Amino acid sequence: MAASASNLASEVAQAFLTALDTSLSRTWRDEERGWRVEDKTWRGQDMDFRVEERDWWHLEHLWRQENRKWRKEDVEQRVLENARWIWLRYAEKNRRDVEEKSEQLKSISNLSALIAGFAVVAFVELQFHDPLVAPTHVHELLIV
């Protein structure tokens, strides 16, 4: 009987250990399945995030292209404005030069008219005449 009690105890212990091993294996498999489900969820979220990140990258890329285009147009506009400003400054300088020359010509014209007037008055007042011609009027005789 001792052998049978020892056999019985051995079988009970074997059954208990088998049940414990089965229970622990089942628990471990359940935990493993839970981890795998969680891992799949994380991977799915990561893929969604990557798609969203790619979309944001694409939007940022488009924004940078628009920004470059705007900067290029801005530089072209500034070049045009600078050229226009330089041209207007040059035209204004030429206009001032023309006005200055016009004023100089006017003053020279007035001065030459004044000198010509004095020359005419001098000829009339001093009555220059040719000494070889004989005077015919009385006032010519008085002067000579």
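The figures follow:
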item	result
Computed magnitude of the charge dipole of the chain (debye, nearest 20; Cβ of K, R +1, Cβ of D, E -1)	200
FRET efficiency for T41 and R68, using Cβ-Cβ distance with R0 set to 41 Å, rounded to 0.05	0.50
Calculated P(r) tail over 18 Å for segment 1-107, as whole % of Cα pairs	80
Whole-percent carbon and sulfur share, accessible surface of the chain, 1.4 Å	62
Between helix 2-126 and the chain: long-axis angle, C-alpha atoms, 0 to 90°, nearest 10	0
Reachable lysines, given that their alpha-carbon falls under 25 Å from the alpha-carbon of K106 and they are not under 8 places away in the same chain	K93
Backbone N within segment 45-67 under 14 Å of label point (7 Å from V75 Cα along the Cβ vector)	67
Gain in span if fully extended, L24 to V51, counting 0.36 nm per residue against the direct Cα distance	5.7 nm
F49 - accessible surface, heavy atoms, 1.4 Å probe, Å² rounded to 10	110
Computed accessible area, V98, all protein chains, 1.4 angstrom probe, square angstrom	100
Probe 1.4 Å, accessible area per residue of the chain, Å²	96
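The values are calculated or read from the model by the stated rules, or taken from the named source; none is laboratory data. These figures come from a predicted structure and were not determined experimentally. For neighbour counting, all protein chains shown are included, and Cβ atoms are generated from backbone atoms with ideal geometry for every residue, glycine included. With ligands, DNA and RNA removed, areas are computed over all heavy atoms of the protein, side chains included. Shrake-Rupley method; radii C 1.70, N 1.55, O 1.52, S 1.80 Å.
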